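Okay, structure first, notes after.
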Amino acid sequence: MSIEKAYNSWATQYDTNINKTRDLDKKATIKTLQRFEFSHVIELGCGTGKNTAFLLEKAERVIGLDFSEEMLKKAKLKFNDSRVTFQKTDLTASWQIDDQIADLITCNLVLEHIKDLDTVFNQASKKLKKGGYLFISELHPFKQYAGSKAKFETEAGIQELETYIHHISEYLDTAFNNKLQLLELKEWFDEDAEHEIPRLIGLVFQKLK
Ligand SMILES: C[S@@+](CC[C@H](N)C(=O)[O-])C[C@H]1O[C@@H](n2cnc3c(N)ncnc32)[C@H](O)[C@@H]1O
């Protein structure tokens, strides 16, 4: 099943099924971004808008991009707010957004589905103003090496999605090649599991001024 179709099917239960990765990502996003100032945000792979409500607490404008019609439908139902718009977009194609409009771009739990990081980092860098931030929160590569990947339950059994592993060095090199400087790298653990493999990696980059 294609990734897009899988998320169309997952959309009905995405917000409600048991999902430690989703829940930890929400906490990590708030803890990280509450220390930053931002007003114009692009949310890559916004899904059902799980993180959009927090972004709207600080932002004047949020544009959510995602290629899953069904995930976007869920997101649109949550917000009756002229500051937010959602656009059906394949992140591996060209994004229909002006350059240098964002002071924050977020990307949560998306890049494991995208083979070529450079396509995303290159466009993100173009859409960011100088000094703007790119925040990435993804399943930690160590977790991926141990076999974890996005999956959900269906009537026919567990549906595993197509995923790609990105090493930490790949994130850092791709950012460097796109004028994005590393500000912060954090590892996020499940509660009471701080000596186990981290679940998430959080990266904050800043576009060179
Ligand atoms: C695990 S969900 C995360 C959703 C949201 N960011 C969150 O943290 O809850 C992954 C999302 O990425 C989207 N996605 C994956 N590959 C994509 C692509 N190439 N273009 C656009 N969206 C994509 C999926 O449709 C899905 O909504």
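The values are calculated or read from the model by the stated rules, or taken from the named source; none is laboratory data. Everything numeric here is computed off the predicted structure, so don't read it as measured data. All Cβ positions, glycine included, derive from the backbone under ideal geometry; neighbour counts span all protein chains shown. Surface accessibility is based on the protein's heavy atoms, side chains included, excluding ligands, DNA and RNA. Shrake-Rupley method; radii C 1.70, N 1.55, O 1.52, S 1.80 Å.
Listing for the model above:
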read-out	value
Answer from 138, 160 - the residue that is open to solvent by 30 Å² or more (accessible area, probe 1.4 Å) and out of contact with any Ser or Thr (no Cβ under 8 Å at 6 or more places or on another chain)	160
Every residue from segment 14-72 that is aliphatic (A, V, I, L, M) and closer than 17 Å to residue 87 by Cα	41, 42, 44, 53, 55, 56, 62, 63, 65, 71, 72
Single unsatisfied condition, residue 72 versus (1) open to solvent by 10 Å² or more (accessible area, probe 1.4 Å); (2) modelled with pLDDT of 95 or more	(1)
Residue satisfying all of: in segment 126-135; surrounded by fewer than 21 Cβ atoms within 10 Å (Cβ to Cβ) and in a strand (DSSP E or B); nearest to the ligand (Cβ to nearest atom) among these	129
Residue list for segment 94-125, restricted to those being acidic (Asp, Glu) and more than 11 Å from the ligand (Cβ to nearest atom)	98, 99, 103, 118
Failed condition for residue 143, given (1) within 9 Å of the ligand (Cβ to nearest atom); (2) open to solvent by 30 Å² or more (accessible area, probe 1.4 Å)	(1)
Within segment 52-69, tally of residues that are open to solvent by less than 10 Å² (accessible area, probe 1.4 Å) and in contact (Cβ under 8 Å) with a residue 24 or more places away in the chain	5
Per-region count, segment 155-205, residues free of Cβ contacts under 8 Å to residues at least 40 places away in the same chain and among the hydroxyl-bearing types (Ser, Thr, Tyr)	1
